[in-house]
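Working notes, beginning with the structure itself.
Taken together, the values in this text are just the output of simple stated rules run on the coordinates, not laboratory data. Fair warning: this is a prediction, and the values are worked out from it, not measured in the lab. Virtual Cβ from ideal backbone geometry, glycine too; neighbours counted across all protein chains shown.
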Amino acid sequence: MFLEIVTPDEKVYEGEVVSATFPGSDGSFQVLNSHAAMISTIGKGDVKLITEHDKKREELHMEVSGGVVEVLNNKVTLLAEKVLKED
């Protein structure tokens with residue numbers, strides 16, 4: 001699925017991911033390919049992304065201060081207030 005992470009200042013991430021885990025306002029949740037359409041607020045916390053290139057998986061983490069995530073037709077858009085740190 002395609003993921004885009006955007007803040008008011010910049011596009012932080014854009015690309016294909018196997019899964020994405022977000023710090024939801026009521027607890028963390030994971031989005032996988034073919035997930036049902038949804039919109040959710042997120043709180044401050046860790047966003048975990050799993051990517052795969054040449055059958056090798058990589059885990060990326062970003063600390064965000066909150067925002068809104070939309071899932072629609074295998075495209076996930078995170079509108080983050082601020083990305084506090086990336087690895």
Exercise. Please give the strands (runs of 3 or more DSSP E) falling wholly within the chain in which 3 or more residues are acidic (Asp, Glu).
Key: 56-64
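Residue by residue, here is whether (1) more than 18 Å from VAL6 (Cβ to Cβ); (2) surrounded by 13 or more Cβ atoms within 10 Å (Cβ to Cβ) holds:
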{"position": "GLY43", "(1), (2)": "no, yes"}
{"position": "VAL47", "(1), (2)": "no, yes"}
{"position": "ILE50", "(1), (2)": "yes, yes"}
{"position": "GLU58", "(1), (2)": "yes, no"}
{"position": "SER65", "(1), (2)": "no, yes"}
{"position": "GLU70", "(1), (2)": "no, yes"}
{"position": "ALA80", "(1), (2)": "no, yes"}
Quiz item: Across segment 45-58, what is the total count of residues that are within 18 Å of TYR13 (Cβ to Cβ) and over 13 Å from the mean Cα position of the chain (by Cα)?
Solution: 4
Practice problem: Could you tell me whether segment 13-23 includes any residue that is within 15 Å of LYS85 (Cβ to Cβ) and either among the basic types (Lys, Arg) or loosely packed, with under 13 Cβ neighbours inside 10 Å (or both)? | Solution: no
